[in-house]
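Please read the structure below before turning to the comments.
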Amino acid sequence: MSWLLSYAIIFALGCYALASVLVLVRLIGGPRAHDRVLALDLLYFHGLLVMLVLGIRHQSDLYFEGALLIALFSFVSSAAMAKFLLRGEVIE
Amino acid sequence: MNPQVPLWVEAVVAVLLVLSGVFVLLSALGFLRLPDFFLRMHPPALAYTFGSWCVTLAAVVYLSAVEERPTLHPLLIIVMLCITVPVTTLLLARAALFRRRTSGVDDAPPSLTPPRDG
């Protein structure tokens with residue numbers, strides 16, 4: 001792996017970390033609950049991107065399954081929390 | 001396995017990764033700065049589309065070059081996100097609209113369907 005790709009990977013991971021900190025500020029201080037749910041969904045997505053970039057870094061396929069699972073859990077948790085905010089219960 | 005990939009492949013992958021990092025950072029900045037929830041729902045779409053497309057294409061190009069065969073399975077992530085992200089966004093927007101209408105503050109957008117008379 002050349003210096004070009006390793007610096008690009010470090011830059012991308014740093015961008016994701018900084019973006020996660022910014023989203024975390026909104027998650028902690030968000031005025032209402034739906035802001036926090038959206039921030040949590042975005043944090044899940046940043047985790048997914050980190051997994052994919054680590055898969056490139058280590059030249060491995062194994063990170064891909066983790067990323068797919070994170071996408072699945074992100075959808076399930078966000079949909080359940082949105083349903084809870086809308087109706088007051090998840091399964092009626 | 002071919003750990004030595006050509007330099008132009010690494011250049012393409014590096015450009016895609018840098019682009020995705022910039023897009024994700026911009027979306028997080030917009031998500032933090034915008035003043036209203038319905039405005040704040042827009043910047044994550046930047047990350048969900050451009051961020052995921054760039055990283056997934058980078059993974060496809062790089063893993064194909066490493067394994068010396070077409071490696072297309074990271075595209076499944078894009079298919080997954082294309083299905084799930086609109087559903088999540090729609091549910092959250094409905095929840096936010098409902099909560100704003102029931103919170104007593106009269107700043108919610110009006111209903112699109114006209115009220116029935118009678």
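Only the coordinates and a few stated rules stand behind these numbers; no lab work does. Model, not experiment: these values are computed from the prediction. Every residue, glycine as well, gets a Cβ built from its backbone with ideal geometry; the counts of neighbours run over all protein chains shown.
Could you work out the equivalent-ellipsoid semi-axes for the range B:7-102, taking the square root of 5 times each eigenvalue of the Cα gyration tensor, largest first, in whole Å? Mind showing how you got there, number by number?
On the way: eigenvalues 223, 53, 5 Å².
Semi-axes, largest first: 33, 16, 5 Å.
How large is the dipole of the protein assembly as shown about the Cα centre if only Lys and Arg carry +1 and Asp and Glu carry -1, each at its Cβ, rounded to the nearest 20 debye? Write out the running numbers ahead of the final one.
Working: 14 positive and 13 negative charges, 120 e Å.
In total the dipole reaches around 580 debye.
Go ahead and estimate [θ] at 222 nm for the protein assembly as shown from helices alone: -39,500 (n - 2.57) per DSSP H run with n ≥ 4, summed, over the residue count, rounded to 500. Could the numbers behind the result be given before it?
Values: 8 runs with 157 residues, N = 210.
Rounded to the nearest 500, it is -25500 deg cm²/dmol.
Counting pairs of Cα atoms in the range A:32-92, how many percent are more than 17 Å apart?
Working: 856 of 1830 pairs.
That fraction is 47 percent.
Which of the helices in chain B, when you take each full DSSP H run, stretch at least 30 Å along the axis at their Cα atoms and have an average Kyte-Doolittle score of 0.0 or higher? Provide the component values of the computation, followed by the final result.
Values: long enough: B:7-33 (39 Å, 2.20); B:75-102 (41 Å, 1.53).
Qualifying helices, which must be both long enough and hydrophobic enough, are B:7-33, B:75-102.
Using the alpha-carbon centroid of each, what span in Å lies between the range A:20-82 and the range B:37-57?
What the calculation gives is 12 Å, centre to centre.
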